[in-house]
Structures are given as C-alpha cells and as structure tokens.
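Please read the structure below before turning to the comments.
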Amino acid sequence: MRTRLVVVSGPDLGKEFSIPPEGGVVGRGEQCVMRLEDAAVSRQQFRIGIREGRPLVVDLGSTNRTKVNGQPIEMRVLAIGDRIEIGNSVLQVLAEDEAFLVPDSSSISDVADLSAKGSDASGALTTAALVGVALLEGPGVARACEQLVGLFGAERVQIIVADRGLRLIAGHGGNQGMLPLDQAQLQQIIAGGNAVNLRGVERETLACPFGAAGIIVVDRPAGRAWERKMLELLVAVSQMFVPAIASAERRERREAALATLADDGELDGDSAHAAYLREWSAWAARLPSALLVGEHGVGKQRVAAFIHRRSDRASGPFVVVHGGDVHDAWLATAHGGTLFFDELAALSPQWQDRLMSAIQAQRLPRADGSVAPFDVKLLAASCAEVGRFVRPDLLAHVAHATLVVPPLRERRGDITTIAEKMLSRLAVNAGFQRAGFSAGAAARLLSHHWPGNIRELASVVSRLVVFPGTDAVGDHELARAMF
C-alpha cells in the first residue's frame with residue numbers, strides 16, 4: 001500500500017508528502033525531499049523510505065530526537081496511523097487515499113431532497129449534467145472535480161467514500177489531506193439521504209450523498225454562504241459519480257493485480273529458455289549469491305524475488321536497493337534475508353568497499369561506532385557491462401553464479417502463455433473472464449519485437465481489460481492496445 005506523511009500539528013500544518021520508495025530525508029535543509037519550516041526541526045532530521053512494503057524511518061543523529069508514538073527511536077518500521085514527533089511538529093503516516101480530520105463545529109442550515117428532479121435553476125442543472133456526463137465518460141473523476149471547483153466557485157471539491165473508514169477517492173483544490181466533516185457527520189448525511197448546507201467556524205460546506213456510501217463535498221472558507229440553488233446544482237450532478245466511482249475502483253483493482261501478476265511470470269512457458277530459467281533459479285536459491293544480467297524490463301527483480309522465496313531465507317526480508325541509493329539502515333534490515341541490488345554497476349566505489357568488507361566480516365559498522373550483524377544472501381542485477389564498474393572481488397563474489405535473463409523476443413514460444421496468464425488474472429480481478437487470444441491476436445503477439453520486454457507486455461495486457469468481455473481478444477482489439 002502506498003503511503004504518505006501529513007503534518008497534523010505544527011507550523012507546517014496540512015503539508016503532506018508521498019513517501020518515496022527509494023528513500024528521502026525529512027528536515028529543514030534545502031536538499032530534503034520533505035522540507036519543513038519548523039525552526040525546531042534539524043536540517044536533516046530523519047530518513048524515510050519503503051522496505052518490504054512498509055515505511056522505515058531512521059533518525060539521522062538529530063539534536064532533537066525523532067520520536068514515534070512518543071518513544072525516541074533510532075530506526076523503526078512504521079504502520080498506518082503512527083505519529084512521528086519532531087521539533088514542534090507531528091507527522092502522521094496515512095495511506096494514499098486516507099484523509100485526516102480538521103475539527104470544525106458546524107450546523108446544517110439548508111437541506112435538499114435527492115429525489116427532487118425539478119429546480120428553478122433548471123438551465124444550470126442541465127448544463128452541469130451535460131458537463132458531468134462528458135467528464136465522467138472521458139478524463140475521469142479527478143478531472144470532474146477540477147471542473148466542479150470552477151462551476152461552484154469553490155476552493156475545494158472532494159469525493160469521499162465512508163464504507164471502510166474514510167477514503168478520499170478524488171478531489172481538486174485546497175488541502176486534499178484534510179476533511180471538514182468527521183465520521184459521524186458523514187454517516188449521518190448518508191443515512192439521512194439528503195444533501196445539506198453546513199455553516200462552520202472555518203468552512204462553508206455543501207455535502208451530497210451518492211450511491212451506498214459516497215459523498216461529494218464542496219467547500220470554501222467561511223464568510224460566503226452557499227445559496228440554495230448551489231445545493232440543488234450539487235444534487236443534480238452527484239448521481240453521475242456512481243458509475244464513475246465504480247469504474248475508477250475497477251481500474252485500481254486491475255493496477256493492483258498488474259503489480260503482482262508476474263509472481264513467477266518470467267519463468268512461465270514451455271520453451272527451453274523458460275525451463276532453463278526455472279532450473280537455474282532453483283539452483284541459485286541454494287547459493288549464497290548470484291548475478292542476473294539482462295535488458296530493461298526482462299524481470300530481473302521478480303526472478304530475484306522467486307529465488308528468495310525458494311531459498312532457506314524465505315522467512316526473512318527481501319530488501320531491494322534501487323540503483324546507487326543505499327543506506328546503512330537498508331543493509332541492516334536485510335540481515336537474515338536477501339539483499340538485492342537492482343543495478344550493481346550504479347553502486348559507488350565507496351559503498352562497494354563497505355559492502356565487501358561487511359560481507360567478509362559479516363558485520364556492518366554503524367555511523368555511531370556500533371556494529372550490526374550482517375548475514376545476507378546477496379543477489380544483484382545489471383543492464384550494463386558490470387565488470388567495468390564493480391571492484392573485482394565483489395564481482396567475483398556475486399557473479400559466482402550468473403544468469404542471463406533473455407529478452408522476450410528470444411522467448412517467442414512463451415509470449416502467448418505469459419500473456420494469457422496476465423489476461424486471465426487481470427480479467428478475473430476485474431470481475432469477468434476473457435477467452436484468451438484469437439489466432440490473429442496471437443500472431444500479432446508473436447510478430448511484435450517487444451523492446452520493453454515483459455514490462456511492455458504487461459502494460460499492453462492491462463489495457464485489454466479496460467472494457468469487460470467474455471470472448472477472445474481479437475486482432476483489432478490487441479492492435480489498439482499496443483499503439
């Protein structure tokens with residue numbers, strides 16, 4: 001699950017940052033990827049990134065210690081909802097679509113019945129309906145929110161679903177991390193089945209329920225009260241979001257499935273290449289290290305994950321170091337598991353020296369002078385001529401077993417098998433089935449050069465399940481998805 005940090009208290013209240021998977025520094029320094037104005041925060045307060053799908057925070061020796069849920073930390077794996085205290089600020093870990101609340105006492109000043117079809121503002125309603133239909137059939141919900149900001153003269157529009165907590169589906173304008181309504185108010189509006197106009201201390205808010213648990217929120221700072229015709233306008237627009245939200249959620253499920261559909265996809269097929277990949281990977285699972293070589297997109301990281309899952313370290317972490325971005329904390333978290341460098345040639349000479357020393361001593365010196373145990377299975381990958389950039393003894397250690405992962409164009413006998421597996425998994429996840437590929441479509445799959453390899457194939461297949469169907473994918477349909 002993708003996560004973000006939101007400042008919920010302090011001078012930077014409301015500021016939010018996506019947590020970069022490759023890691024980044026939080027502090028006052030200009031080079032920080034998450035820069036705060038809080039004068040009590042160190043220039044480099046802590047480092048945060050994603051490891052094994054969860055945020056990991058490492059204090060960088062700040063004067064004011066980094067605390068998580070009130071406890072000082074050096075390194076800590078975080079969960080959704082954890083609060084990081086630094087200086088005069090509090091940051092909270094939230095899921096990408098999760099919102100936090102801004103207390104604001106409010107009262108209902110106007111109500112509109114959702115079942116009412118007529119209005120004195122019929123011309124505006126018709127215009128809004130036409131605009132809404134065009135938007136929802138084209139650019140999607142986020143674009144519709146942008147248009148509604150202008151249509152209503154609002155500061156912010158939000159689409160919220162309250163079925164499993166509060167989920168912010170889409171929005172535009174203002175601070176999208178904050179909600180002007182709390183859970184009880186949202187549920188009350190949903191249960192009541194009417195659109196309402198709320199006047200609060202800080203915000204003037206229109207809220208209209210749609211579907212089983214959705215609400216459109218339109219708001220702006222207090223001081224300009226909404227007219228009733230704007231509430232009626234929101235009622236007219238709201239119901240068009242029901243199919244749009246359903247479509248957006250199907251798309252999210254497809255993307256989630258696409259991220260995992262190649263668990264062993266690179267090893268599928270009946271060709272000699274596929275058999276070799278499976279045999280070599282099973283052998284590499286028993287070795288202390290291995291090197292994977294191949295073009296971009298051939299799936300080296302997933303082959304490495306396959307090797308890890310079949311090794312005696314499968315119960316330990318699988319830590320991925322992207323390019324040359326490496327940190328002591330990432331190495332320390334790999335102890336007892338597998339450490340995978342996705343581009344060994346990008347590792348600096350200084351880090352190559354440290355890595356080789358840690359491998360030989362099975363100990364990792366820390367910046368504070370202490371020593372951490374370092375016992376890992378080392379896997380590495382490269383698209384470059386790795387021998388030109390890696391010190392010889394490190395290369396000899398890793399390349400004791402070397403696998404060339406072939407490009408997809410050299411595995412033409414496996415292309416249809418891999419594509420059918422991808423299509424089946426994505427279609428089922430979207431709630432329907434597809435009957436494979438027609439003869440013409442299969443021939444097109446085999447004739448394409450696939451410069452982007454399996455990554456490109458996965459992208460093409462994901463476009464094939466945008467619209468439901470039960471028949472085989474035809475040649476014309478595949479050609480449209482490929483270009």
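The values are calculated or read from the model by the stated rules, or taken from the named source; none is laboratory data. No experiment lies behind these values; they were computed from the predicted model shown. Here the Cβ positions follow ideal geometry from the backbone for every residue, glycine too, while neighbour counts run over all protein chains shown. Only protein heavy atoms, including side chains, enter the accessible area calculation; ligands, DNA and RNA are left aside. Shrake-Rupley method; radii C 1.70, N 1.55, O 1.52, S 1.80 Å.
Okay, residues lined up against (1) loosely packed, with under 15 Cβ neighbours inside 10 Å; (2) under 29 Å from Phe318 (Cβ atoms); (3) at pLDDT 85 or above:
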{"position": "Leu13", "(1), (2), (3)": "yes, no, no"}
{"position": "Ser18", "(1), (2), (3)": "yes, yes, no"}
{"position": "Gly23", "(1), (2), (3)": "no, yes, no"}
{"position": "Ala39", "(1), (2), (3)": "yes, no, yes"}
{"position": "Ser42", "(1), (2), (3)": "no, no, yes"}
{"position": "Arg51", "(1), (2), (3)": "no, yes, no"}
{"position": "Val58", "(1), (2), (3)": "no, yes, yes"}
{"position": "Thr63", "(1), (2), (3)": "yes, no, no"}
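Residue-by-condition table, conditions (1) of a type in the set (A, V, I, L, M); (2) farther than 29 Å from Gly337 by Cα:
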position	(1), (2)
Leu36	yes, yes
Ala40	yes, yes
Phe46	no, no
Leu56	yes, no
Asp59	no, no
Ile73	yes, no
Val93	yes, no
Response to the item:
Scanning region 65-102 residue by residue, those modelled with pLDDT under 85, outside any strand (DSSP E or B) and touching a Gly at 6+ places or on another chain (Cβ under 7 Å) turn out to be Ala99
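Being assigned to a helix (DSSP H, G or I) and surrounded by 19 or more Cβ atoms within 10 Å (Cβ to Cβ) is the filter here, so list the residues in region 461-476 that pass it. It would help to see each step written out before you state the result.
Initially, region 461-476 is screened for residues assigned to a helix (DSSP H, G or I), giving 461-464, 475-476.
Result: Val461, Ser462, Leu464.
Tell me yes or no: at least one residue of region 428-438 is of a type in the set (A, V, I, L, M, F, W, C) and at pLDDT 85 or above. Show your work before the answer.
Initial filter on region 428-438 (of a type in the set (A, V, I, L, M, F, W, C)): 428, 430, 432, 435, 437.
This time we only want the ones that are at pLDDT 85 or above, so: 437.
Yes, region 428-438 contains at least one residue that is of a type in the set (A, V, I, L, M, F, W, C) and at pLDDT 85 or above.
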Discussion item. For the condition out of contact with any Lys or Arg (no Cβ under 6 Å at 6 or more places or on another chain) and either part of a helix (DSSP H, G or I) or modelled with pLDDT of 80 or more (or both), what is the one hit in Ala259, Ala212?
Written reply: Ala259
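Quick one: in region 150-202, of everything that is assigned to a strand (DSSP E or B) and open to solvent by 40 Å² or more (accessible area, probe 1.4 Å), which residue is modelled with the lowest pLDDT? If you could, list the steps in order and put the result at the bottom.
Just the residues of region 150-202 that are assigned to a strand (DSSP E or B), to begin with: 156-161, 167-172, 178-179, 194-200.
Filter again for open to solvent by 40 Å² or more (accessible area, probe 1.4 Å), leaving 172, 194, 199.
Details: His172: 85, Asn194: 83, Arg199: 80.
Across region 150-202, the extreme among qualifying residues is Arg199.
Taking the conditions exactly as written (at pLDDT below 85, touching a Gly at 6+ places or on another chain (Cβ under 9 Å) and under 23 Å from Arg51 (Cβ atoms)), does Ala274 satisfy them or not? Before the answer, list the steps.
Values: at pLDDT below 85: yes; touching a Gly at 6+ places or on another chain (Cβ under 9 Å): yes; under 23 Å from Arg51 (Cβ atoms): no.
Spelling it out, it is not the case that Ala274 is at pLDDT below 85, touching a Gly at 6+ places or on another chain (Cβ under 9 Å) and under 23 Å from Arg51 (Cβ atoms).
Identify, from the list Ala372, Ala441, Ala358, Ala381, the residue that is surrounded by fewer than 18 Cβ atoms within 10 Å (Cβ to Cβ) and of a type in the set (A, V, I, L, M). First the steps, then the outcome.
Details: Ala441 fails: surrounded by fewer than 18 Cβ atoms within 10 Å (Cβ to Cβ); Ala358 fails: surrounded by fewer than 18 Cβ atoms within 10 Å (Cβ to Cβ); Ala381 fails: surrounded by fewer than 18 Cβ atoms within 10 Å (Cβ to Cβ).
When all the criteria are applied, what remains is Ala372.
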